[in-house]
Amino acid sequence: MVGKIEGLAPCSPVHTADEDEHQEKVNQEINLVLKNLRDSTQASRAMLIRYHNGMYDLVGNSAIKMSITNEADAIGVQPLLPQFQNQFRGFLAYFCAEIRDQGYCYIGNIETLKEKREYTLYEFLAGRGIVSTFGRAVYNNDKKVVGFVVVEYFNTNYPTMGEIDGCLRDKSNKISALMSIASPIDRSQN
């Protein structure tokens with residue numbers, strides 16, 4: 001029995017030291033882009049939220065989820081990353097649908113969410129003191145949305161969509177490129 005199990009084991013670990021080193025470099029670059037985005041837009045927070053599949057239900061449907069993987073907060077702003085892990089996309093359905101359909105979601109004033117009857121998103125933002133939030137899609141090499149970059153504002157002195165759109169678009173494109181960098185590891189030989 002042990003021989004059969006050993007024969008099924010992969011030739012190398014799931015994550016090699018080279019892969020870990022490569023991913024760490026990519027994450028450092030993403031963090032720099034987010035810090036630059038936060039500073040350039042005077043945001044309270046800039047973050048990358050990535051889509052992933054957390055599990056499957058009993059009939060085999062994907063429980064499509066999302067998590068913050070990278071975050072740059074202004075001084076005095078509590079990180080959200082530890083609390084925002086493995087969230088169902090349905091939790092932010094309006095935001096995710098806007099990202100999917102338009103490539104962006106701009107909420108210049110969260111009070112407009114009440115008019116759209118988007119109470120869950122409103123409460124999520126208002127409960128954390130957010131007054132405005134803007135997001136842009138992050139794409140893979142196949143032009144599929146794999147997540148989004150978001151900036152959030154706690155104060156009412158936030159920029160307009162026109163004032164930050166170019167910067168937000170540029171930074172989301174840079175993060176898309178960084179995430180799409182092929183791993184230096186050739187797994188075809190394993």
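No value in this document is a laboratory result; all are computed from the given coordinates. Because the structure is a prediction, the values reported are computed rather than measured. Because the Cβ atoms are built from the backbone with ideal geometry, glycine has one as well, and the counts that use them run over all protein chains shown.
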Check: Once the other residues with Cβ under 14 Å from the Cβ of Gln23 are scored (Lys, Arg +1; Asp, Glu -1), what is the net sum?
Finding: -4
Checklist line | Axial C-alpha extent at least 24 Å, average Kyte-Doolittle at least -0.5 - helices from the chain (DSSP) | finding: 161-180
Check: Tell me, what is the FRET efficiency for Asp18 and Ala177 to the nearest 0.05, using R0 = 22 angstrom and their Cβ-Cβ distance as r?
Finding: 0.60
Check: In the set (1) 8, 32, 33, 16, 7, 3, 0; (2) 9, 32, 30, 19, 9, 2, 0; (3) 9, 36, 38, 16, 1, which value of P(r) over Cα pairs in 10 Å bins from 0, in percent was calculated from the structure you see?
Finding: (1)
Next item on the list: Could you sort 72-79, 25-32, 39-46, 145-152 so that the peptide with the highest average Cβ count within 10 Å comes first and the rest follow in order?
Entry: 145-152, 39-46, 25-32, 72-79
Check: How many nm is it between the label spots at Glu111 and Ser67, if each spot is 7 Å from the Cα in line with the beta carbon?
Finding: 3.8
Note to self: With just the Cα atoms defining each centre, how far is the stretch 79-120 from the stretch 47-77? Give it in Å.
What the structure shows: 13
Item checked: Radius 11 Å from Cβ of Ala126, net charge of other residues (Lys, Arg +1; Asp, Glu -1) -> 0
Notebook entry, point to check: Put a dot 7 Å past each Cα toward the Cβ at Arg100 and Phe88; how far apart are the dots in nm?
Noted result: 1.4
